[in-house]
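Values quoted throughout were computed directly from the atomic coordinates according to the rules given, and no laboratory measurement underlies them. As the structure is a prediction and not an experimental result, all values here were calculated from the model. For neighbour counting, all protein chains shown are included, and Cβ atoms are generated from backbone atoms with ideal geometry for every residue, glycine included.
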Amino acid sequence: IAVSLLPLLVGAAREQAAASLQPVLGAPRVVVVEQGDTLLDIAERDGLGFRQVVNLNPEVDIWVPPAGTRVELPTEYILPNAPREGLLINLPEMRLYDFSVDPAQPIVLSVAIGDAEDPSPVGEFRVGGKRMNPHWNVPESIRAENPALPAVVPPGPENPLGDRWLTIGSSSYGIHGTNNVWSIGRIATHGCIRLYNDDMRALFDRTNLGTRIRLVYQPVKLGQRDGELYLEAHRDEYDLAPDAPQATLVELIVLDALGVVDGSSIDHDLVRRVIQEARGAPVRIGRLKPVE
């Protein structure tokens, strides 16, 4: 009986492994630097994360790029390996995926996350509260760092929460706007998730209380499009995936053994280089095996 079940078990494992390869969405874009532009200007103008633009263009001067320079934009991506519902935030890539409108084509927003001392939480939550024009009750730990801060910052241009707030579960963390646009696409908060204010206002309007929020930590993602295998890598901001290159190669070997990918088409040196460089854009690394 056990032998007769083996093909079924292998088939189920193959299907599960194939399902882990998420689709590649979006498309690469290029802009041309205008006189006086910085990469920060370009990121803000296109609603992108500053560090993500910098990582994708390591050869471009951040603050004084010559006019006419072509700058690649991080507008192509592999979906994180997680259910496509509600709000999904992948911390290493500093992106929020909103599946509430269309699970097949999420709205993708750039965010700032907590720094290494105050990391953003990983886990499953729901929207526990919604506030317009929130007051910022300054935590004692932050006031200890900056005693000049008042106990409460009222709504207004000096409020670092912006004018919209979604509570992450029952925690003190939230998804909110900001008065510091330079922080989007950086590790810059005390654990909260920051968005550009226009993005936050639109997200606030379409997000209901109780909407599921998932915060995941996936610096390396494998994906597929049109029978091709892709790899996307981001910086391991919290140093939680030190063995990412080896773990990814092991995963590819398993996918090959299950008949999902063509292992002979994969360049292992390229895999290691993509993860080491962590430019944050999908790179073709091989092929899928044809479905028989």
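Over segment 1-125, what is the relative contact order in whole percent, taking alpha-carbon pairs under 8 Å and six or more residues apart?
Worked out over segment 1-125, it gives 23 percent.
Could you tell me how many cubic angstrom of Cα convex hull volume segment 57-105 has per residue? Before the final figure, lay out each step's value.
On the way: hull volume 5.9 nm³, N = 49.
It is 121 Å³ per residue.
To the nearest 500 deg cm²/dmol, what mean residue ellipticity at 222 nm is calculated for the chain from DSSP H runs of n ≥ 4 alone, each contributing -39,500 (n - 2.57), summed and divided by the residues?
It lands at -7500 deg cm²/dmol.
Pull out the extension gain between Val216 and Glu15, defined as 0.36 nm times the separation in residues minus the alpha carbon to alpha carbon distance; nm, one decimal.
Working: separation 201, 0.36 × 201 = 72.36 nm, distance 2.27 nm.
My answer for the length gained is 70.1 nm.
Please check: in the Gaussian network model of the chain (C-alpha springs, under 10 Å), which one of Val24, Val33, Val54 has the largest mean-square fluctuation.
Val33
Anyone know which of Val254, Val220, Val53 comes out most mobile in the 10 Å Cα GNM of the chain?
In the Gaussian network model the winner is Val254.
If you take all C-alpha pairs in segment 166-216, what percent of them are over 18 Å apart? Walk me through the intermediate numbers first.
Values: 387 of 1275 pairs.
Tail fraction, whole percent: 30.
So, in Å, what gap is there between the alpha-carbon centers of segment 117-168 and segment 30-58?
Using only Cα atoms, the two centres lie 28 Å from each other.
In a Debye calculation with equal point scatterers on the alpha-carbon sites of segment 139-292 and no solvent, what is log10 I(q)/I(0) at q = 0.11, 0.14 Å⁻¹?
For segment 139-292, the Cα-only Debye profile gives -0.64, -0.86.
With the crude spin-label approximation of a point 7 Å out along Cα→Cβ, what separation in nm comes out for Arg272 versus Val153?
With each label point 7 Å from Cα toward Cβ, the separation is 4.5 nm.
Can you list the residues of segment 204-233 with backbone N under 16 Å from a point 7 Å past the Cα of Arg284, pointing along Cα to Cβ?
223-232
Based on a Kirkwood Rh over C-alpha pairs, give the Stokes-Einstein translational diffusion coefficient of segment 130-222 at 25 °C and viscosity 0.890 mPa s in µm²/s. It would help to have the intermediate numbers written out before the result.
Working: Rh = 14.3 Å.
Diffusion coefficient, whole number: 172 µm²/s.
Calculate the spin-label point distance for Asp46 paired with Ile107, positioning each point 7 Å from the Cα along the beta-carbon direction, and give it in nanometres.
2.1
Want the number for Asn133 to Val31: 0.36 nm per residue separation, take away the alpha-carbon distance, what's left? All intermediate terms of the calculation are to be shown ahead of the outcome.
Values: separation 102, 0.36 × 102 = 36.72 nm, distance 3.48 nm.
Extending this stretch completely gives an extra 33.2 nm.
Take the chain, connect every pair of alpha-carbon atoms lying under 10 Å apart with a spring to form a Gaussian network, then pick out the residue of Leu56, Leu149, Leu48 with the largest mean-square fluctuation.
Result: Leu149 has the largest fluctuation of those listed.
So how strong a dipole does segment 230-292 carry about its Cα centre when Lys and Arg Cβ are +1 and Asp and Glu Cβ are -1, to the nearest 20 debye?
Approximately 240 debye in magnitude.
From Cα pairs below 8 angstrom and at least 6 apart in sequence, can you work out the relative contact order of segment 144-219, rounded to a whole percent?
24
Taking segment 13-170 on its own, what percent of its Cα-Cα pair distances exceed 27 Å?
On the way: 5205 of 12403 pairs.
Of all Cα-Cα distances in segment 13-170, 42 percent exceed 27 Å.
For the chain, what are Rg and Dmax over the alpha carbons, in angstrom?
Spelled out, the Cα radius of gyration and Dmax of the chain are 20.8, 73 Å.
Using label points projected 7 Å from each Cα along Cα→Cβ, tell me how many nm separate Ser100 and Leu209, to one decimal.
Going from the Ser100 label point to the Leu209 one covers 1.4 nm.
Note the angle between two axes, namely the Cα long axis of helix 268-277 and the longest principal axis of the Cα atoms of the chain, as a number of degrees from 0 to 90, rounded to the nearest 10.
Once rounded, one gets 0 degrees.
Could you work out the local net charge near Val271, counting Lys and Arg as +1, Asp and Glu as -1, over the other residues with Cβ closer than 12 Å to its Cβ?
Spelling it out: positives minus negatives among the neighbours equals -2.
Using only the alpha-carbon atoms, how far is helix 197-206 inclined from the longest principal axis of the chain? Give it as 0 to 90 degrees, nearest 10.
Approximately 70 degrees, to the nearest ten.
At 20 °C and a viscosity of 1.002 mPa s, what translational diffusion coefficient does Stokes-Einstein give for segment 235-274, taking Rh as the Kirkwood radius over Cα pairs? Give it in µm²/s as a whole number.
195
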